[in-house]
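Report on the following structure.
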Protein chains: 2
Amino acid sequence: MSANAAAPGGLRRVLETCLYVDDIARARDFYERIVGLEPGFKDDRMVSYRVGDTMLLVFLRGATTAPVEMRSGTIPPHDGAGPAHFALSIEAGTQDEWSSHLEAHGVAVESTVRWPGSDALSLYFRDRDGHLVELATPGLWGIE
Amino acid sequence: MSANAAAPGGLRRVLETCLYVDDIARARDFYERIVGLEPGFKDDRMVSYRVGDTMLLVFLRGATTAPVEMRSGTIPPHDGAGPAHFALSIEAGTQDEWSSHLEAHGVAVESTVRWPGSDALSLYFRDRDGHLVELATPGLWGIE
């Protein structure tokens, strides 16, 4: 195959998004009790959350710096630091309910943005590691 | 609202996934020419890529550490370091084509994993910043 060949294409979605945190139990409390995510696979170094057809993976910082050798292959090392950012899509019209819910749990909504040229609105707040979490209603980036 | 109240729910997907890189032009060359993503919004500190109904946002490291004040609201600061990890979903049966394409562009496939209990297969390689990119065929995490 030529080095000028076009990529195969067919990229379907970002499937996995990763966060790196200092305390898995603290992160789980936040993302499960406050954000309302349901844990899937979990161990002492990670927890996975399915959100629609995407996955949020939360890793203990420093716990994935060595390859993970399995019979079926090797997961190469990775790691990260923040305060990084990611966004979750929420249902239209639920922003006020979310805002009240977060504030009731002592989580300050740091900012609200209404996106020009669309009905989309984003709420921004911090998780326990200072990562910037965004909840966005449909329409942002032209995506319903 | 009580602090014990359940979260509003209705989380639809992870909408935005962020990478932080040291050179936007270098990252764009990699993600556009080699991975085949199409740029959307772009400026000297970021580029956005729509992938299905999700977004990959690539930011110049250190360029988003101050709030971005807009008339419609303020985007709070964020930043990050790696080598972080994310995964893109690819079409079933395209893994060999992707592997050949990457190798033809001098991008080594660092590892291949066939996931137990499914037909899913993942290819792992590094972007120009050392971030661990995964291409996964359908079935991983039970998601088609």
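The values are calculated or read from the model by the stated rules, or taken from the named source; none is laboratory data. Remember, predicted model here, so these are calculated numbers, not experimental data. With ideal geometry, Cβ positions are generated from the backbone for all residues, glycine too; neighbour counts draw on all protein chains shown.
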Condition set more than 19 Å from B:ARG13 (Cβ to Cβ), buried (at least 17 other Cβ atoms within 10 Å of the Cβ) and of a type in the set (Ser, Thr, Tyr), scope the stretch A:84-117, selection nearest to the other protein chains (Cβ to nearest Cβ): answer is A:SER111
Of the conditions (1) loosely packed, with under 14 Cβ neighbours inside 10 Å; (2) within 9 Å of chain A (Cβ to nearest Cβ); (3) under 15 Å from the mean Cα position of the chain (by Cα), B:ARG71 clears all except one; give me its number. (3)
Some residue of the stretch A:55-66 being within 7 Å of chain B (Cβ to nearest Cβ), crowded, with 19+ Cβ neighbours inside 10 Å and not basic (Lys, Arg): yes
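Listed here are the residues, each with its yes/no results for (1) closer than 20 Å to B:VAL58 by Cα; (2) within 8 Å of chain B (Cβ to nearest Cβ); (3) buried (at least 21 other Cβ atoms within 10 Å of the Cβ).
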{"site": "A:ALA6", "(1), (2), (3)": "no, yes, no"}
{"site": "A:VAL14", "(1), (2), (3)": "yes, yes, yes"}
{"site": "A:LEU19", "(1), (2), (3)": "yes, no, yes"}
{"site": "A:TYR31", "(1), (2), (3)": "no, no, yes"}
{"site": "A:VAL35", "(1), (2), (3)": "no, yes, yes"}
{"site": "A:LYS42", "(1), (2), (3)": "no, no, no"}
{"site": "A:VAL47", "(1), (2), (3)": "no, no, yes"}
{"site": "A:PRO76", "(1), (2), (3)": "no, yes, no"}
{"site": "A:GLY82", "(1), (2), (3)": "yes, yes, yes"}
Filter result for A:ALA66 (under 15 Å from the mean Cα position of the chain (by Cα) and not hydroxyl-bearing (Ser, Thr, Tyr)): no
Of all residues in the stretch B:69-112, count the ones that are touching a strand residue (DSSP E or B) at 6+ places or on another chain (Cβ under 8 Å), closer than 30 Å to A:GLU134 by Cβ and of a type outside the set (A, V, I, L, M). 13
Return yes or no: is B:MET55 under 19 Å from A:LEU57 (Cα atoms) and not assigned by TED's automatic domain parsing to the domain that holds B:GLY130? yes
Report yes if some residue within the stretch B:109-128 is within 17 Å of A:HIS85 (Cβ to Cβ), modelled with pLDDT of 95 or more and out of contact with any Gly (no Cβ under 8 Å at 6 or more places or on another chain); otherwise report no. no
Does B:ARG13 count as within 30 Å of A:GLY106 (Cα to Cα) and basic (Lys, Arg)? yes
